[in-house]
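Okay, so here's the structure we're looking at.
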Amino acid sequence: FDGWKASENPSTFSIEDGKIKVAGPRAHLFYVGEVEDHDFENFEFKAQVMTTPGSNSGMFIHTDYQEEGWPAKGYEVQVNNSHTDWRRTGSLYAVDDVREVYVKDNEWYTEHIIVKGNHITVKINDKVVVDYTEPEEVQQDESITKKLSSGTVALQGHDPKSVVYYKNVMIKPLD
């Protein structure tokens, strides 16, 4: 976990056979490392992911470390193939939602997020599932700022019943 910092319930995250295992109460694992001083504007964020039945997680972008609660800044890209939440893997959560299931539980797949300017592309196994351009005026909630700016990335631990694995987590800054 060099370069990463967990919030709230750090024990939600562990390393198992070289993979990040996410299993436990709500927590977020934020990148706080040296690359770009963990403040990314244009970048690619990519990981191999495996969900287990009924699990929920997410990959946050343009966020900031916070000790408690759901990240208030940035966007969540959903990791969920069979949880009760209808927003499925690849959704730009509550902004550009995916209803289709593109991958199965208990199988590794690649989730790839590309952020350039005001544009977010989400690919699942190289298939584009979200192609979103943020409008100039974005409606904001008082407690949540879903707006592209810059920030770090994070992995989400959603709830004690969700078990999700990540490996080959990569970030590549872009011009």
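Annotation for the range 9-79: GluC sites (Glu not before Pro) lying in DSSP loop with at most 10 further Cβ atoms inside 10 Å of their Cβ are E34, E67, E68. Remark on the chain: ratio of C-alpha radius of gyration to 2.2 N^0.38 Å is 0.94.
Annotation: amide H of G157 within the under-5 Å range of A27, H28, L29, sequence separation 5 or more or interchain, hydrogens built in the peptide plane. Remark: the chain carries 49 Å² of accessible area per residue (probe radius 1.4 Å; ligands, DNA and RNA excluded).
With semi-axes defined as the square roots of five times the eigenvalues of the C-alpha gyration tensor, the equivalent ellipsoid of the range 32-134 measures 22, 16, 14 Å, largest first.
Checking the Cα-Cα distances for K46/K104; K5/K167; K104/K172; K5/K73; K123/K172; K116/K147 against a 20 Å cut-off, the pairs over it are K104/K172. Shown for the range 96-168 is the translational diffusion coefficient from the Stokes-Einstein equation, using the Kirkwood radius over Cα pairs, a temperature of 25 °C and a viscosity of 0.890 mPa s: 165 µm²/s.
Computed in the context of the full set of protein chains, the accessible area of the range 48-147 at 1.4 Å probe radius has 45% of its extent on carbon or sulfur.
Taking M50, M59, M170 and ordering them by how much accessible surface each has at a 1.4 Å probe, largest first, produces M170, M50, M59.
The values are calculated or read from the model by the stated rules, or taken from the named source; none is laboratory data. Note that this is a predicted model, so its numbers are computed, not measured. Here the Cβ is made from the backbone with ideal geometry for all residues, glycine too, and neighbour counts use every protein chain on show. These accessible areas exclude ligands, DNA and RNA; they are computed on the full protein's heavy atoms, side chains included. Shrake-Rupley method; radii C 1.70, N 1.55, O 1.52, S 1.80 Å.
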